[in-house]
Amino acid sequence: MGSSDKFLHMTQQLADYMVAHGHNHDPILRDLATETRNLGRIAGMQISPEQGTLMGLLAAAIGAKSAVEVGVFTGYSALAVARALPSDGKLLCCDVNEQWTAIARRYWERAGVANKITLKLAPAAETLRALPASYTFDFAFIDADKSNYKIYYEEILKRLRPNGLILIDNVLWSGQVIDSGDQTEDTVAIRELNDFIAKDTRVEAVMIAVADGLTVVRKK
């Protein structure tokens, strides 16, 4: 079997098994997922449980103290990352939706991590560009409007410390990235960023088939 053959076609039963055999069942995150699910179709914006666990593991593994998230929604990913930070760690969260982030705030308080999180309700590009030049991050997560992914990537990368990580969500975009007939703005933006990162000599990167695709970038 060649390396290109070493992948599984994921079924729901197999996915359930995978989630069940990781530490993906925190009661607060479970309750947050349930409340988010009640929002209806928009709930699909929430990351999967195993992705949240992976993000927390990676943040803890690199000893992250300063983190940033672009795209908060109801706060699941931020909660997972904030928990992985030390008691004096800081997470900057960027979003524009007050209704969804109000849910996030409640669960951050309940989980005891609200003191680590600063929420900025403004366009993320503006928030990032307004940061002092000396401001640095150890860990970042990008999961927002796809057309601005490249902007967020560049603004974060120049503030990321060496060996820091950027995680980028939805990089497989339900498989649409390989459909040349899909020239919609979001698909094109994701496709172009994927192509760019694959050749970016400033970083090392791997794309993994977690949920809707996750790229993990390490700054050299």
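The values are calculated or read from the model by the stated rules, or taken from the named source; none is laboratory data. Small disclaimer: the values here were computed from a predicted structure and weren't measured. Quick reminder, even Gly has a Cβ in these numbers, built from the backbone with ideal geometry, and neighbours come from all protein chains shown. Accessible surface is based on the protein model in full, side chains and every heavy atom, while ligands, DNA and RNA are left aside. Shrake-Rupley method; radii C 1.70, N 1.55, O 1.52, S 1.80 Å.
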_Under the rule a/c < 1.5 gives rounded, and otherwise a/b versus b/c splits prolate from oblate, where does the stretch 28-129 land using the Cα gyration tensor?_
oblate
*May I ask you to order 168-174, 87-93 by the average number of other C-beta atoms within 10 Å around their residues, highest value first?*
168-174, 87-93
_Using only the alpha-carbon atoms, what does the stretch 42-90 span along each of its principal axes? Please give whole angstrom values in decreasing order._
33, 18, 14
*What dipole magnitude, in Debye to the nearest 20, does the chain give about its Cα centre under +1 on Lys/Arg Cβ and -1 on Asp/Glu Cβ?*
800
_Given the options VAL70, ILE117, LEU8, identify the residue whose Cα lies farthest towards the positive end of the charge dipole of the chain (+1 on Cβ of Lys, Arg; -1 on Cβ of Asp, Glu)._
ILE117
*Could you list which residues have their amide H under 5 Å from that of GLU69, counting only those 5 or more apart in sequence or on another chain, with H placed in the peptide plane?*
LEU92, CYS93, CYS94, PHE141
_For the ranges 143-154, 38-49, what's the packing order if you count other beta-carbon atoms within 10 Å of each residue, average per peptide, and put the highest first?_
143-154, 38-49
*Express the carbon and sulfur contribution to the solvent-accessible surface of the chain as a percent, rounded to the nearest whole number, probe 1.4 angstrom.*
55
_Quick check: pseudo-label points 7 Å beyond the Cα along Cα→Cβ at ALA60 and SER147, how many nm apart are they?_
3.9
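Percent of alpha carbon pairs in the stretch 1-74 separated by more than 17 Å? Display every interim value, and only then the final one.
Working: 1637 of 2701 pairs.
Considering the stretch 1-74, 61 percent of its Cα-Cα pairs are separated by more than 17 Å.
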*May I ask you to evaluate 6.51 cos²θ - 1.76 cosθ + 1.60, the Karplus curve with θ = phi - 60°, for each residue of the stretch 75-80 and list the ³J(HN,Hα) values in order in whole Hz, giving x for glycine and proline?*
x, 4, 5, 4, 4, 4
*How large is log10 I(q)/I(0) at q = 0.17 Å⁻¹ when the Debye formula is applied to the Cα atoms of the chain, each weighted equally and without solvent?*
-1.33
*Amide H within-cut-off set for GLY164, under 5 Å, with H built and near neighbours excluded*: LYS219
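Rounded to the nearest whole Å², what accessible area per residue is found for the stretch 72-200 with the 1.4 Å probe? Present the calculation step by step, with values, prior to reporting the outcome.
Details: 5850 Å² over 129 residues.
Heavy-atom accessible area per residue stands at 45 Å².
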*Taking the Cα centre of each part, how many Å lie between the stretch 98-153 and the stretch 159-220?*
19
*³J(HN,Hα) across the stretch 165-178 via Karplus (A = 6.51, B = -1.76, C = 1.60, θ = phi - 60°), whole Hz, x for Gly/Pro?*
10, 10, 10, 10, 8, 6, 6, 9, 6, 6, x, 5, 5, 9
*Could you count how many Lys pairs in the chain have their Cα atoms under 15 Å apart, skipping same-chain pairs fewer than 8 positions apart?*
10
